[in-house]
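Notes to accompany the following structure.
Each reported figure results from applying straightforward, stated rules to the coordinates on display, with no laboratory input. Keep in mind it's a predicted model, so treat the numbers as computed, not measured. In this analysis, Cβ positions are derived from the backbone assuming ideal geometry, glycine residues included, and neighbour counts consider all displayed protein chains.
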Amino acid sequence: MTTENTPVDGPFPIRVNPTPSGAELDLSAFLISAVFTELITAADEDPEGLVDELADMAGLLRSAVHQGRDSYARHEFDERMHKLVDELAGGGLVPVYGAQVGRLAERLARIAAPRPVPAQREAGAA
């Protein structure tokens with residue numbers, strides 16, 4: 001069901017809430033349905049292979065942090081992360097269809113519009 005805070009109701013609902021400095025997009029339905037379900041399936045099909053891959057990537061990440069942004073380890077880690085995102089999360093793309101695109105844009109535009117600031121207290125008022 002589409003509401004003001006949920007302008008996208010499928011295939012992955014997206015909730016949008018204002019924050020003091022902008023907005024937050026709740027993509028938890030996508031993470032649960034697309035990412036974690038695929039990760040769990042991969043673990044079920046080849047638990048040792050997945051653990052080995054993640055452990056190897058953890059080593060690359062440690063090396064990347066130690067060696068810096070332009071190291072071989074950083075480039076290798078980034079490449080393998082992109083591969084995992086492609087395999088497990090559809091490339092990280094969350095589909096939004098039809099009228100939902102407009103509702104999402106309208107909700108974000110309302111949040112981005114200047115908001116009145118509560119009046120400051122007069123000097124000396126408590």
Rounded to the nearest 20 Debye, what is the dipole magnitude of region 9-95 about its Cα centre when Lys and Arg each give +1 and Asp and Glu each give -1 at the C-beta? 500 debye
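To two decimal places, what compactness ratio does the chain give when its Cα radius of gyration is scaled by 2.2 N^0.38 Å? Each step should come with its number before you reach the end.
Values: Rg = 21.2 Å, N = 126, 2.2 N^0.38 = 13.8 Å.
Scaled against compact globular proteins, the figure is 1.53.
Can you divide the C-alpha Rg of region 46-93 by 2.2 N^0.38 Å and report the result to two decimal places? If you can, show how the numbers build up before the last one.
Working: Rg = 11.5 Å, N = 48, 2.2 N^0.38 = 9.6 Å.
Expressed relative to 2.2 N^0.38 Å, the Cα Rg reads 1.20.
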Between the helical axis of 72-89 and the dominant principal axis of the chain, each derived from Cα atoms, what acute angle in degrees is found, rounded to the nearest 10? 70 degrees
Compute the helix-to-body angle for 47-67: its Cα long axis versus the longest principal axis of the chain, expressed 0 to 90° and rounded to tens. 70 degrees
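All other residues with a Cβ under 13 Å from the Cβ of Tyr72 taken together, and with Lys, Arg as +1 and Asp, Glu as -1, what is their net charge? Before the final figure, lay out the partial values.
Numbers: positive: Arg69, Arg74, Arg80; negative: Asp70, Glu76, Asp78, Glu79.
Cβ neighbours under 13 Å give a net charge of -1.
Output the relative contact order of the chain, whole-number percent, from Cα pairs under 8 angstrom with separation of 6+ residues.
Values: 99 pairs, mean separation 35.0, N = 126.
The value is 28 percent.
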Restricting to Cα pairs below 8 Å that are 6+ residues apart, what does the relative contact order work out to for region 20-82? Please round to a whole percent. 18 percent
Restricting region 46-94 to trypsin sites (Lys or Arg not before Pro) in coil, as DSSP defines it, with at most 15 other Cβ within 10 Å: Arg69
